[in-house]
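Worksheet: one structure, shown below.
The values are calculated or read from the model by the stated rules, or taken from the named source; none is laboratory data. On a predicted model such as this, the values are computed, not experimentally measured, just so you know. Here Cβ is always computed from backbone atoms with ideal geometry, including for glycine, and neighbour counts include all displayed protein chains. Each accessible area value is taken on the protein alone, full model and side chains, heavy atoms only, with ligands, DNA and RNA left out. Shrake-Rupley method; radii C 1.70, N 1.55, O 1.52, S 1.80 Å.
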Amino acid sequence: MRGIMMDFPLTLTTVIRRAEQLFPHVEITSRRPDRTLHHTSYGAVARRAKQLAAGLESLGLRQGDRVGTLAWNHAQHLEAYYAIPCAGMVCHTLNIRLHPDDLAYIATHAGDKAVIVDDVLWPLFEKFRERTPIEHVIVIRHTGGALPPGTLDYEDVLARGAARAYEWPELDEYAAAAMCYTSGTTGKPKGVVYTHRSQVLHTFGEAFANTLGCTDADAVLAIVPMFHANAWGLPYLGAMMGARQVFPGPHLDPANVLDLVVTARVTIAAGVPTVMLGLLAALDALPTKPDLRELRRMVIGGSAVPQALIRAYRERYGVTILQGWGMTETSPLASVGTPPSWVTFATPEEEDSYRARQGRPSPFVEIRARDDNGHIIPWNGSAMGELEIRGPWVTAGYYESPDSGERFTPDGWFKTGDIASIHQDWCIEIRDRSKDVIKSGGEWISSVALENALMGHPSVAEATVIGVQEAKWQERPLSVVVLKAGKAATHEELNAFLAQQFPKWWLPDATEFVDAIPRTSAGKFLKSALRERFAKRLMA
Ligand code: ADP
């Protein structure tokens, strides 16, 4: 027997319509390139999104067409996030931190027909535009400079759209809404294509009190870029819940972010650990501390969150850290480190250590992990294996990529490439990415655990641990450390510090002190560059 309920599609259109009708007055604040603040509201953004959609149609764009964006986080980018999918087109965010050759490949592979680009990013766009099939270039002019030849002004496209009556089309919930390319572990970048349904369910998954717990009392600051992994879905979460949204524009430096947190009364800030480490250092250096009482929580993910960072924010600023784990392939948020209410922690540090894990899967997300021999590992917190995942916002393949199959198990679970332990309560603990794993004499050493511990040393600003070739054990850990200004430490001191927590055979064989650790396009430590640089360090 079949149930008798309406066949009501889960589309982003319902989310945007809700924001327009219920929260028209709720504010959206963005920092412009000239550092001034721009204020608008869901009412205005939703109205302008319709104008943009109609304007794109007037250029000849149709449902299914890919429209790229090359832009920082701001209200116009939000309009594109709403207009493009709700018009039935596909919003393809291009990562501004990638090399122009990669951008040329990605825009061509995705078949982008139009692109919306920030004037301040024009020099980057020019480097790959000619190598793509892009027909229409729409420029958001923040600075009032001249419009590059052969391009359209974003406001003119909206004005064209405003000239006609426009209603959002009815869409199939399985229609593509957005796409993001992931760097992948090997080979060319691969495209993940989200559906309306997956985006809507992912937004639900984020909203629960036990996940991000977002309400209409919140102001959400997405420091995480809108050009990487959908800004973790926050633009849709805000619209569904009626939360204020705050965008840093191109100004991601600690001083500007802090100022935004205070002036826009941010309650939830989201970003990768490196950004939040920078923010902490800037806070610590201030003679007079800003009032951060309203900042209820910081959502940090993208790479492992050091326990020392969690503790520092709690002790010194009263800010709670919520760790999220996920991937471009999982929309991205798949698990959140909210401690269960029935667990009592003897000390605040014990709770910090729970929060330093990657948390339990969101509702509808299922996980398991498999060891080297292909066996599913027990949930005992110590066995390690590759994490596998399934759920309604997990990708089922890659766009036009014939070798997608390798990333899936025969029964259809996605192989994450992350090495994890699973605790009894289903809490995930990421030990490594499979490409970063250190195997010493056939045994795994968790680089994540070592680097997180190192970042708890009082002299260490940033640290990462890589596996490098070694004669006896094939591979051994090597620490790469950035010291805090005016502080000193030796390899022996750092190892003595690690020895309090780890067995002797885990301790790094050497420490390289560097000025900075190279970053990926998403602001994570670029370990592959360090592995190349220090490949022979232990072979001398
Ligand atoms: P990439 O980093 O390859 O450009 P993603 O942004 O999709 O692409 O990265 C996903 C990966 O980031 C995960 O597979 C995992 O290795 C890492 N990651 C994300 N969140 C966390 C976290 N909270 N702790 C540890 N690793 C994380």
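Those strands (runs of 3 or more DSSP E) of the range 346-425 in which 1 or more residues are closer than 27 Å to Val319 by Cβ occupy 414-422. If you check Tyr194, Tyr181, Tyr174 for being touching a residue at least 12 places away in the same chain (Cβ under 8 Å), away from the ligand (no atom under 16 Å from the Cβ) and of a type in the set (Ser, Thr, Tyr), only one passes: Tyr174. Scanning the range 495-528 for residues that are within 14 Å of the ligand (Cβ to nearest atom) and open to solvent by less than 60 Å² (accessible area, probe 1.4 Å) yields a count of 10. Take the conditions under 21 Å from Ala165 (Cα atoms), more than 26 Å from the chain's Cα centre (by Cα) and surrounded by fewer than 16 Cβ atoms within 10 Å (Cβ to Cβ) and apply them to Gln63. Does it pass? Considered against the rule, which asks whether it is under 21 Å from Ala165 (Cα atoms), more than 26 Å from the chain's Cα centre (by Cα) and surrounded by fewer than 16 Cβ atoms within 10 Å (Cβ to Cβ), Gln63 comes out as yes. Residues of the range 320-355 that are surrounded by 24 or more Cβ atoms within 10 Å (Cβ to Cβ) and touching an Asp or Glu at 6+ places or on another chain (Cβ under 7 Å): Leu333 alone.
A count restricted to the range 304-319 and to residues that are surrounded by fewer than 21 Cβ atoms within 10 Å (Cβ to Cβ) and either within 11 Å of the ligand (Cβ to nearest atom) or under 19 Å from the mean Cα position of the chain (by Cα) (or both) stands at 0. Regarding Leu277, is this residue touching a strand residue (DSSP E or B) at 6+ places or on another chain (Cβ under 8 Å), touching a residue at least 12 places away in the same chain (Cβ under 8 Å) and under 21 Å from Ala516 (Cβ atoms)? Spelling it out, Leu277 is indeed touching a strand residue (DSSP E or B) at 6+ places or on another chain (Cβ under 8 Å), touching a residue at least 12 places away in the same chain (Cβ under 8 Å) and under 21 Å from Ala516 (Cβ atoms). Within the range 414-435, being within 15 Å of the ligand (Cβ to nearest atom) and either open to solvent by 20 Å² or more (accessible area, probe 1.4 Å) or among the β-branched types (Val, Ile, Thr) (or both) holds for Lys415, Thr416, Ile419, Ile422, His423, Ile428, Glu429, Ile430, Arg431, Arg433, Ser434, Lys435.
Could we say that Arg297 is more than 13 Å from the ligand (Cβ to nearest atom), of a type outside the set (S, T, N, Q) and either open to solvent by 10 Å² or more (accessible area, probe 1.4 Å) or under 30 Å from Cys91 (Cα atoms) (or both) here? Considered against the rule, which asks whether it is more than 13 Å from the ligand (Cβ to nearest atom), of a type outside the set (S, T, N, Q) and either open to solvent by 10 Å² or more (accessible area, probe 1.4 Å) or under 30 Å from Cys91 (Cα atoms) (or both), Arg297 comes out as yes. Among residues of the range 343-355 that are under 10 Å from Ile310 (Cα atoms), those with a beta-carbon under 6 Å from a residue that is in a helix (DSSP H, G or I) at least six positions away or on a different chain give the pairs Asp352/Gln307; Asp352/Ile310; Asp352/Arg311; Ser353/Gln307; Arg355/Ile310.
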